[in-house]
């Protein structure tokens, strides 16, 4: 399902939704990194789950899939896997933000 199917095809509404997503995603990303630094793998997983849904809703499919992997690793307490996934997560978040800058 595309974003327009969820919120309609009004460009202003879509832009507003995307800007809300950016703000929310930036906040959740910061919380993910804080939880990881504190060794709170279950919290990392919970936060990734939260971001996964909104990323998929706006069409950031690769970010959503990466969040799903982070969620699984976090829930399993696999800190070594999280280290690798979170470096990719940072790159993907930057790419999503760069794309949103072009809109």
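Of the listed values (i) 12.0; (ii) 13.3; (iii) 5.8, grab the one calculated as mean projected area of the Cα convex hull in nm² from the structure here. Answer by label: (iii). Taking the Cα centre of each part, how many Å lie between region 6-65 and region 69-103? Taking the Cα centre of each part, region 6-65 and region 69-103 sit 10 Å apart. Between residue 61 and residue 46, full extension at 0.36 nm per residue minus the direct alpha carbon distance yields a gain of 3.6 nm.
When peptides 62-71, 32-41, 9-18, 92-101 are sorted by average Cβ neighbour count within 10 Å, with the highest value leading, the order is 62-71, 32-41, 92-101, 9-18. Here the spin labels are modelled as points 7 Å beyond Cα on the Cα-Cβ line, and at residue 27 and residue 78 they lie 3.0 nm apart. Note on the chain: helix-only mean residue ellipticity at 222 nm, from DSSP H runs of 4+ residues weighted -39500 (n - 2.57) and normalised by residue number, equals -29000 deg cm²/dmol. Full extension of the chain between residue 19 and residue 90 gives 23.7 nm of extra length, using 0.36 nm per residue less the Cα-Cα distance.
No lab work stands behind these numbers, since they all come straight from the coordinates. Computed from a predicted model, the values in this text were never measured in an experiment. Neighbour counts are summed over all protein chains in view; Cβ atoms, including those assigned to glycine, are modelled from backbone coordinates with ideal geometry.
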